[in-house]
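For reference, the structure discussed in these notes is given below.
The values are calculated or read from the model by the stated rules, or taken from the named source; none is laboratory data. As the structure is a prediction and not an experimental result, all values here were calculated from the model. We place every Cβ from the backbone using ideal geometry, glycine too, and count neighbours over all the protein chains shown.
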Amino acid sequence: MTKGIVSGVVSNMVTLRVDGPVLQGEICYITTGGDRLMAEVIKVVGSDVYVQVFESTRGLKVGSQAEFTGHQLEIQLGPGMLSKNYDGLQNDLDKMDGVFLRRGQYTAPLDEDRLWDFEPIVKAGDRVQGSDWLGKVEENHQPLKIMAPFQMEGTAVVKSIVPAGQYKVNDTIAVLTTEAGEDINVTMVQHWPVKFAMTNYKEKPRPFKLLETGVRTIDTFNPIVEGGTGFIPGPFGTGKTVLQHAISKQAEADIVIIAACGERANEVVEIFTEFPELIDPHTGRKLMERTIIIANTSNMPVAAREASVYTAMTMAEYYRSMGLRVLLMADSTSRWAQALREMSNRMEELPGPDAFPMDLGALVANFYGRAGYVYLNNGEVGSVTFLGTVSPAGGNLKEPVTENTKKVARCFYALEQDRADKKRYPAVNPIDSYSKYLEYPEFAEYIKGHINEEWIPKVLALKTRMQRGKEIAEQINILGDDGVPVEYHVTFWKSEIIDFVILQQDAFDEIDAVTPLERQEEILNLVTAICDKEDYKFVEFEEVTRYFKKMINLCKQMNYSVYKSEQYYDFKKQVEAML
Amino acid sequence: MATAFQKVYTKISQITKATCSLKAKGVGYDELATINGRLAQVVKIVGDDVTLQVFEGTGGIPTNAEVTFLGKAPSLKVSDDLAGRFFNAYGHPIDGGPEIEGKEVEIGGPSVNPVRRKQPSELIATGIAGIDLNNTLVSGQKIPFFADPDQPFNEVMAMVAMRAKADKIILGGMGMTNDDYYFFRNTFSNAGALDRIISFINTTEDPAVERLLIPDMALTAAEYFAVEKHETVLVLLTDMTSYADSLSIVSNRMDQIPSKDSMPGSLYSDLAKIYEKAVQFPESVGGGSITIIAVTTLSGGDITHAVPDNTGYITEGQLYLRRDSDVGKVVVDPFRSLSRLKQLVAGKKTRKDHAQVMNAAIRLYADAANAKTKLENGFDLTDYDNRCLDYAKDYAEKLLAIDVNLNTEEMLDVTWSLFNKHFELEELNIKKEFTDQYWTKKG
């Protein structure tokens, strides 16, 4: 293997003089004072190689030795990843010693001694191709597949496969003979370079299946779909994190991967404190069982921040290859972009807008492009749904990360300072936000079968009412309460009832936090009925205000009541009586 | 400081306003050096060329100055003797007392493994309703005051520090005026609290770049007491905008491409490294916590500036002070202030109706703000508008003003009494469970 010697240090960018060939993106380890620091090649100039070090370079001296590994940044994929807390480079954080993260400490991502109940799917003599399912094991009630090596080209014949029984991840469970006549020993572990998309599927059609999140402003107003993409930009304090946590708790996915990318450590602590106690509303099992956390918090090394989102995406693609529905959340993609900016700056590259690297748009687009709903080679389906948050500087959406993300993400959930100030949570702006999936005929077809035919027209009608309500609110502000006809007030308050009853949702109330689809349908119908009623007989506007405030209060009490409980029907009856 | 086996260099090849470069071998990154007695730190190594950042500035440094490398990063000697003492940015006493003996620890040390943290869950009571009721603080939290320079943030911070039950209070003063330094000193000493206070002070009279050491010094001392002594430590950092200004000076002198507002592109990471030192340790390692209350001064209330903006994304909320013209007092602004961790204690460590009462009170206060706008625009007010305005005055006077000193139970009772006085039941939108218990008006 190629070796190198440190010839320069500027923060976490180190130059090495090398004695042999290196790959762009190759991983090397630099030895300093007994610590081995992992680093990645980012630029080569003759025999000078620029690497970004994933650790602190304090004390690093010119003349220190480096050893190259011959491969790019890759992770290990296999059973045993669920419920784990990893750092951005897939080190198992629970296996690390001590309270503080020690530099140069790397831990195994998989548990090598754990036994898995393996069951073969194929038999000797079967012909398989890369990524085909050879056998299965169960982890946390998820049926995981053991697959033929992803990198294998062409087809191969199963020479032998072990019978059902208990095996460790590194045991050979099958031997495949390739077309070239070469025998490959297959274990439960795969390696994959994180910056490359897995394309081991037959087709990636337009996604169409609603992904239920239990958040009304999403499911009802701007739905996301299995294999879809969305992003949540918002100034600080507008509830990005609360919204993301709500989605990750409630979404109807098999696996949820949370990449805490350059965010607060306490937010990660919240997840692994609460998720082991919380119940998945769809399966009744503990939430932690289906969750993987990739924690590269803001105080952890910057270079590993960039790696963390790729690590998370690669894991998501791995589970998708098994036919599972994966939800990937990255909080926040802006921090990732900032990590790129810091490095670009140290390399003295010419800067693009706001000093971000010129290829930012391409990187963001490629990343979002890795999500999707796919038909696997064996006809099964799997999906990676991706939701990223964006932290726009100064809350201004005209900045490079937001703009580049808007070009590629299909759902846009704009969090708004004004709504947050008024405590109208979730602070998703109902007018600016959108879901392109509402326009997909495939989606409309699916909703017809899954809910009913009127759903989408009703949703669109309410959206129009919100728009109209906003316009009227502006007029009332200019002309005064008395300066507009009473009907204007009715129109305004109809939009308020949509806002208060459907859009606003209390993420900290046990019942209101999650609204199953059936309940969303009922509340949508009720609110539609209130809005469609035209023969309100009000004489003066204060009467309108009083009436709708009372109505809102009753509907909110309904939202706080256990679904279909006596109390729930009691409030509903009162609403209907008022109509 | 040089000892017999340390090589002394005497040939400086380049001097800028903040840095010196020279040829040297075997130098480690981040290592300290002295240049004619002035402290400097290695910021760049290219082959034999070493660039040093000189904290005091380079004015008067000759090209034949004696340069000695110390073989270590900036460090602080920690022991219980730190308590009650005042230090400069290098950790040397400025109170006339002796140097501290103790274990030498490099500042800016490693991060806590996130899985070794505990979710913060202990309420920090300050008696100020704008904080305890609306934006409850929790141990292990990091939160700044966003304030214009003329606002009394140092006074409020000192008040919070004196009322909070902390074992140690560590003050990191960056670019502090001499007057403010004496204010803190007198406040602590009058409260008889000096023995649990440790201060690291860089005043406006000291070189600006020295400030960069202050937060790390303060937090290294904090980690000693929190990790090794399992104490509850409160760290006060004022003013972080001065700190960021120094960062931009250094980055500018190093020819780095600036990003927004002339700040270095790494501002977010630089600030996060400091604020993320706030932590609650679990009982399994003996407990202990570090809570950070900071000050970020704004320019004309502009929170879109890079410093408050990046800070807001890092800290767990922010507190705003505002002078309320209705009651003529400084209040904690309920609209823009936020404590992200409040739900960990609100309704759990406090009374169950806390969260709902707080939200309703703020919403009604917002309605009052709308009514005020109407009034200013010359529109007629409704009965509801008038009631909101009356309520807002009471609310600001009895709860939001920073001179209020109540426990949370009393704060909730006061809020309910205001609800009863000014509103009807259906105007509250509060869960029936609570209105059944606390709504006393009949009708």
Just a yes or no: is a residue in the stretch A:494-509 farther than 24 Å from residue B:430 by Cα and either in contact with a Phe, Trp or Tyr (Cβ under 6 Å, 6 or more places away or on another chain) or away from chain B (no Cβ under 11 Å) (or both)? no
Applying the selection to the stretch B:52-75, what residues are over 27 Å from residue B:227 (Cβ atoms) and surrounded by fewer than 20 Cβ atoms within 10 Å (Cβ to Cβ)? B:56, B:57, B:59, B:60, B:61, B:62, B:63, B:64, B:66, B:68
Extreme residue, modelled with the lowest pLDDT, among residues of the stretch A:533-564 that are within 13 Å of chain B (Cβ to nearest Cβ) and not in a helix (DSSP H, G or I): A:540
Filter the stretch A:343-359 down to the residues that are free of Cβ contacts under 8 Å to residues at least 12 places away in the same chain and not hydrophobic (A, V, I, L, M, F, W, C) and list them by number. A:345, A:348, A:349, A:351, A:359
Going through the stretch A:294-328 in order, the residues found to be among the β-branched types (Val, Ile, Thr) and modelled with pLDDT under 95 are A:297, A:302
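Here is a yes/no grid of residues against (1) of a type in the set (Gly, Ala, Ser); (2) under 22 Å from residue A:242 (Cα atoms):
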site: B:346; (1), (2): yes, yes
site: B:352; (1), (2): no, yes
site: B:355; (1), (2): yes, yes
site: B:365; (1), (2): no, no
site: B:374; (1), (2): no, no
site: B:377; (1), (2): no, no
site: B:390; (1), (2): no, no
site: B:403; (1), (2): no, no
Out of the stretch B:351-383, which residues are closer than 18 Å to residue B:326 by Cβ and among the aromatic types (Phe, Trp, Tyr)? B:365
Quick one: which residue in B:138, B:115 is more than 19 Å from the chain's Cα centre (by Cα) and either of a type in the set (A, V, I, L, M, F, W, C) or modelled with pLDDT under 95 (or both)? B:115
Of the residues in the stretch A:382-426, those that are within 28 Å of residue A:208 (Cβ to Cβ) and in contact with a Phe, Trp or Tyr (Cβ under 6 Å, 6 or more places away or on another chain) come to A:383, A:388, A:390, A:405, A:408, A:409, A:412
Take residue B:71 and tell me if it is within 10 Å of chain A (Cβ to nearest Cβ), closer than 27 Å to residue B:42 by Cα and within 19 Å of the chain's Cα centre (by Cα). no
(1) in contact with a Ser or Thr (Cβ under 8 Å, 6 or more places away or on another chain); (2) β-branched (Val, Ile, Thr); (3) closer than 30 Å to residue B:336 by Cα: which one isn't true of residue A:459, the others all being true? (3)
Within the stretch B:18-33, the residues that are within 11 Å of chain A (Cβ to nearest Cβ) and surrounded by fewer than 19 Cβ atoms within 10 Å (Cβ to Cβ) are B:25, B:26
Specify the residue that is nearest to the other protein chains (Cβ to nearest Cβ); the eligible residues are those in the stretch A:53-84 that are outside any loop (DSSP other than H, G, I, E, B) and buried (at least 21 other Cβ atoms within 10 Å of the Cβ). A:53
Lone unmet requirement of (1) under 30 Å from residue A:474 (Cβ atoms); (2) charged (D, E, K, R); (3) at the interface with another protein chain (Cβ under 10 Å from one of its Cβ atoms) for residue B:432: (1)
Residue that is nearest to residue B:268 (Cα to Cα) [pool: residues in the stretch B:347-357 that are part of a loop (DSSP other than H, G, I, E, B) and touching a Phe, Trp or Tyr at 6+ places or on another chain (Cβ under 9 Å)]: B:347
Report yes if residue A:511 is more than 24 Å from residue A:411 (Cα to Cα) and surrounded by fewer than 14 Cβ atoms within 10 Å (Cβ to Cβ), otherwise no. no
Among the residues that make up the stretch B:376-384, is at least one of them assigned to a helix (DSSP H, G or I) and surrounded by 15 or more Cβ atoms within 10 Å (Cβ to Cβ)? yes
Which one is nearest to the other protein chains (Cβ to nearest Cβ), of the residues in the stretch B:394-427 that are over 20 Å from residue B:129 (Cα atoms) and touching a residue at least 24 places away in the same chain (Cβ under 8 Å)? B:427
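Each row is one residue, and each column tells you yes or no for (1) part of a strand (DSSP E or B); (2) touching an Asp or Glu at 6+ places or on another chain (Cβ under 8 Å).
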{"residue": "A:4", "(1), (2)": "yes, yes"}
{"residue": "A:8", "(1), (2)": "yes, no"}
{"residue": "A:20", "(1), (2)": "no, no"}
{"residue": "A:29", "(1), (2)": "yes, yes"}
{"residue": "A:51", "(1), (2)": "yes, yes"}
Between A:438, A:415, which is more than 24 Å from residue A:392 (Cβ to Cβ) and touching a residue at least 12 places away in the same chain (Cβ under 8 Å)? A:438
Being within 29 Å of residue A:453 (Cβ to Cβ), hydroxyl-bearing (Ser, Thr, Tyr) and buried (at least 19 other Cβ atoms within 10 Å of the Cβ), is that true of even one residue in the stretch A:534-546? no
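For (1) closer than 24 Å to residue B:94 by Cβ; (2) touching a residue at least 40 places away in the same chain (Cβ under 8 Å); (3) surrounded by 24 or more Cβ atoms within 10 Å (Cβ to Cβ); (4) not small (Gly, Ala, Ser), each residue gets a yes or a no:
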{"residue": "B:215", "(1), (2), (3), (4)": "yes, yes, yes, yes"}
{"residue": "B:221", "(1), (2), (3), (4)": "yes, yes, yes, no"}
{"residue": "B:230", "(1), (2), (3), (4)": "no, yes, no, yes"}
{"residue": "B:237", "(1), (2), (3), (4)": "yes, yes, yes, yes"}
{"residue": "B:243", "(1), (2), (3), (4)": "yes, yes, yes, yes"}
{"residue": "B:249", "(1), (2), (3), (4)": "yes, yes, no, yes"}
{"residue": "B:253", "(1), (2), (3), (4)": "no, yes, no, yes"}
{"residue": "B:277", "(1), (2), (3), (4)": "yes, yes, yes, yes"}
In the stretch A:422-450, how many residues are in contact with a helix residue (DSSP H, G or I) (Cβ under 6 Å, 6 or more places away or on another chain) and over 30 Å from residue A:237 (Cβ atoms)? 3
Exception for residue B:28 within (1) assigned by TED's automatic domain parsing to the domain that holds residue B:171; (2) touching a Gly at 6+ places or on another chain (Cβ under 6 Å) falls at (1)
Which of the residues belonging to the stretch B:285-337 are part of a helix (DSSP H, G or I) and within 10 Å of another protein chain (Cβ to nearest Cβ)? B:285, B:306, B:308, B:309, B:310, B:311, B:312, B:313, B:314
Does residue A:472 satisfy the criteria of being crowded, with 18+ Cβ neighbours inside 10 Å, aliphatic (A, V, I, L, M) and free of Cβ contacts under 8 Å to residues at least 24 places away in the same chain? yes
